[in-house]
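The values are calculated or read from the model by the stated rules, or taken from the named source; none is laboratory data. Not measured: the values here are computed from a predicted model. In this analysis, Cβ positions are derived from the backbone assuming ideal geometry, glycine residues included, and neighbour counts consider all displayed protein chains. Note: accessible area is taken over every heavy atom of the protein model, side chains too, but ligands, DNA and RNA are not part of it. Shrake-Rupley method; radii C 1.70, N 1.55, O 1.52, S 1.80 Å.
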Amino acid sequence: MQKIVKHTSFFKKNLYFILAVFWLLLGLANYIFVEGSVAILISCLYLVSGLLYAWLAYKQIDRNTAYIAWNDEKLIVARLHQKPKTYKFGPELNIDVSNYHLIIKAPKAKGDIVELKGFLEEDIDLLREKFGKQVMA
(Lines give C-alpha, C1' and ligand atoms only; values in the text may rest on other atoms or scores of the structure.)
Protein backbone atom coordinates (compact mmCIF):
# COMPACT_ATOMS: atom_id res chain seq x y z
CA MET A 1 0.00 0.00 0.00
CA GLN A 2 1.39 3.37 -1.02
CA LYS A 3 1.10 6.12 1.55
CA ILE A 4 1.85 9.82 1.60
CA VAL A 5 2.03 11.67 4.89
CA LYS A 6 1.27 15.33 5.54
CA HIS A 7 3.81 17.28 7.57
CA THR A 8 2.18 18.41 10.81
CA SER A 9 3.70 20.64 13.47
CA PHE A 10 4.59 19.30 16.91
CA PHE A 11 1.86 21.27 18.67
CA LYS A 12 -0.91 20.06 16.36
CA LYS A 13 0.17 16.43 16.69
CA ASN A 14 0.44 16.55 20.47
CA LEU A 15 -2.38 18.97 21.28
CA TYR A 16 -4.18 16.68 23.72
CA PHE A 17 -0.95 15.74 25.54
CA ILE A 18 -0.08 19.43 25.93
CA LEU A 19 -3.55 20.28 27.26
CA ALA A 20 -3.41 17.33 29.68
CA VAL A 21 -0.08 18.46 31.11
CA PHE A 22 -1.31 22.06 31.35
CA TRP A 23 -4.49 21.19 33.28
CA LEU A 24 -2.70 18.70 35.55
CA LEU A 25 0.01 21.23 36.43
CA LEU A 26 -2.57 23.97 36.95
CA GLY A 27 -4.58 21.70 39.24
CA LEU A 28 -1.53 20.71 41.27
CA ALA A 29 -0.31 24.31 41.56
CA ASN A 30 -3.75 25.48 42.65
CA TYR A 31 -3.98 22.68 45.23
CA ILE A 32 -0.54 23.48 46.68
CA PHE A 33 -0.53 27.29 46.68
CA VAL A 34 -4.18 28.29 47.26
CA GLU A 35 -6.02 27.71 50.52
CA GLY A 36 -9.70 27.21 51.16
CA SER A 37 -12.41 24.70 50.43
CA VAL A 38 -13.36 26.34 47.11
CA ALA A 39 -9.74 26.17 45.97
CA ILE A 40 -9.69 22.41 46.63
CA LEU A 41 -12.86 21.98 44.58
CA ILE A 42 -11.41 23.98 41.68
CA SER A 43 -8.13 22.05 41.94
CA CYS A 44 -10.04 18.78 41.70
CA LEU A 45 -11.92 20.04 38.64
CA TYR A 46 -8.62 21.03 36.98
CA LEU A 47 -7.13 17.63 37.79
CA VAL A 48 -10.18 15.83 36.39
CA SER A 49 -9.93 17.94 33.22
CA GLY A 50 -6.25 17.03 32.92
CA LEU A 51 -7.01 13.34 33.37
CA LEU A 52 -9.76 13.49 30.75
CA TYR A 53 -7.39 15.13 28.27
CA ALA A 54 -4.75 12.51 29.07
CA TRP A 55 -7.31 9.75 28.41
CA LEU A 56 -8.32 11.43 25.14
CA ALA A 57 -4.66 11.75 24.11
CA TYR A 58 -4.14 8.06 24.81
CA LYS A 59 -7.21 7.09 22.78
CA GLN A 60 -6.19 9.34 19.86
CA ILE A 61 -2.50 8.34 19.75
CA ASP A 62 -2.93 6.37 16.50
CA ARG A 63 -4.78 9.28 14.86
CA ASN A 64 -2.16 12.00 15.16
CA THR A 65 -1.06 11.77 11.53
CA ALA A 66 -2.76 13.01 8.38
CA TYR A 67 -2.16 10.78 5.37
CA ILE A 68 -3.53 9.43 2.11
CA ALA A 69 -2.96 5.74 1.37
CA TRP A 70 -4.07 3.55 -1.50
CA ASN A 71 -3.69 0.15 -3.11
CA ASP A 72 -5.52 -1.58 -5.97
CA GLU A 73 -8.74 -1.98 -4.00
CA LYS A 74 -9.24 1.12 -1.86
CA LEU A 75 -8.26 4.67 -0.96
CA ILE A 76 -7.82 5.70 2.69
CA VAL A 77 -7.95 9.35 3.74
CA ALA A 78 -6.97 10.10 7.34
CA ARG A 79 -7.16 13.58 8.78
CA LEU A 80 -5.54 14.75 11.97
CA HIS A 81 -7.36 13.45 15.11
CA GLN A 82 -10.15 11.90 13.03
CA LYS A 83 -11.11 8.39 12.05
CA PRO A 84 -9.77 7.40 8.60
CA LYS A 85 -12.28 7.24 5.75
CA THR A 86 -12.08 4.36 3.28
CA TYR A 87 -13.30 4.49 -0.32
CA LYS A 88 -13.43 1.31 -2.41
CA PHE A 89 -12.55 1.76 -6.07
CA GLY A 90 -15.37 1.15 -8.49
CA PRO A 91 -17.10 2.65 -11.50
CA GLU A 92 -19.13 5.03 -9.32
CA LEU A 93 -16.04 6.50 -7.56
CA ASN A 94 -14.49 9.51 -9.30
CA ILE A 95 -11.19 10.98 -8.09
CA ASP A 96 -9.64 14.22 -9.36
CA VAL A 97 -6.32 15.74 -8.34
CA SER A 98 -5.87 19.49 -8.70
CA ASN A 99 -2.92 21.59 -7.64
CA TYR A 100 -4.37 22.18 -4.19
CA HIS A 101 -7.07 19.55 -3.59
CA LEU A 102 -7.88 15.87 -3.91
CA ILE A 103 -11.54 15.64 -4.87
CA ILE A 104 -13.31 12.35 -4.18
CA LYS A 105 -16.79 11.98 -5.66
CA ALA A 106 -18.55 8.98 -4.19
CA PRO A 107 -22.17 7.82 -4.32
CA LYS A 108 -24.73 8.70 -1.64
CA ALA A 109 -22.99 12.03 -0.95
CA LYS A 110 -20.05 10.30 0.74
CA GLY A 111 -17.42 12.26 -1.19
CA ASP A 112 -14.72 14.47 0.25
CA ILE A 113 -12.33 17.27 -0.61
CA VAL A 114 -8.84 16.93 0.87
CA GLU A 115 -6.54 19.93 0.93
CA LEU A 116 -3.08 19.00 -0.35
CA LYS A 117 -1.30 21.85 1.41
CA GLY A 118 1.42 20.34 3.59
CA PHE A 119 2.13 17.36 1.34
CA LEU A 120 5.39 17.27 -0.59
CA GLU A 121 5.30 17.98 -4.32
CA GLU A 122 6.70 14.50 -5.01
CA ASP A 123 3.80 13.01 -3.05
CA ILE A 124 1.27 15.04 -5.04
CA ASP A 125 2.95 13.81 -8.23
CA LEU A 126 2.45 10.23 -6.99
CA LEU A 127 -1.27 10.97 -6.60
CA ARG A 128 -1.44 12.45 -10.10
CA GLU A 129 0.40 9.43 -11.47
CA LYS A 130 -2.05 7.01 -9.87
CA PHE A 131 -5.31 8.83 -10.51
CA GLY A 132 -4.28 10.38 -13.82
CA LYS A 133 -6.92 13.07 -14.06
CA GLN A 134 -5.73 16.55 -13.36
CA VAL A 135 -8.05 19.50 -13.00
CA MET A 136 -6.37 22.86 -13.16
CA ALA A 137 -7.33 24.96 -10.14
TODO: Can you work out which of the residues in the range 71-101 that are assigned to a strand (DSSP E or B) and in contact with a Pro (Cβ under 7 Å, 6 or more places away or on another chain) is farthest from Leu15 (Cα to Cα)?
DONE: Ile76
Task: Out of Phe33, Phe22, sole residue that is surrounded by fewer than 13 Cβ atoms within 10 Å (Cβ to Cβ) and either under 30 Å from the mean Cα position of the chain (by Cα) or without any contact (Cβ under 8 Å) to a residue 60 or more places away in the chain (or both) - done: Phe33
Task: Residues satisfying the stated conditions in the range 102-113, i.e. outside any loop (DSSP other than H, G, I, E, B) and either aromatic (Phe, Trp, Tyr) or open to solvent by less than 30 Å² (accessible area, probe 1.4 Å) (or both) - done: Leu102, Ile104, Asp112
TODO: Taking His7 as meeting all but one of (1) open to solvent by less than 60 Å² (accessible area, probe 1.4 Å); (2) touching a residue at least 24 places away in the same chain (Cβ under 8 Å); (3) in a loop (DSSP other than H, G, I, E, B), write down the number of the exception.
DONE: (1)
Task: Considering residues of the range 10-48 that are of a type outside the set (Gly, Ala, Ser) and assigned to a loop (DSSP other than H, G, I, E, B) only, the residue modelled with the lowest pLDDT - done: Glu35
Open item on the list: Every residue in the range 49-70 that is in a helix (DSSP H, G or I), of a type outside the set (D, E, K, R) and open to solvent by less than 80 Å² (accessible area, probe 1.4 Å), please.
Closed with: Ser49, Gly50, Tyr53, Ala54, Leu56, Ala57
- [ ] Tell me which residues, restricted to the range 114-131, are part of a loop (DSSP other than H, G, I, E, B), free of Cβ contacts under 8 Å to residues at least 40 places away in the same chain and open to solvent by less than 60 Å² (accessible area, probe 1.4 Å).
- [x] Leu116
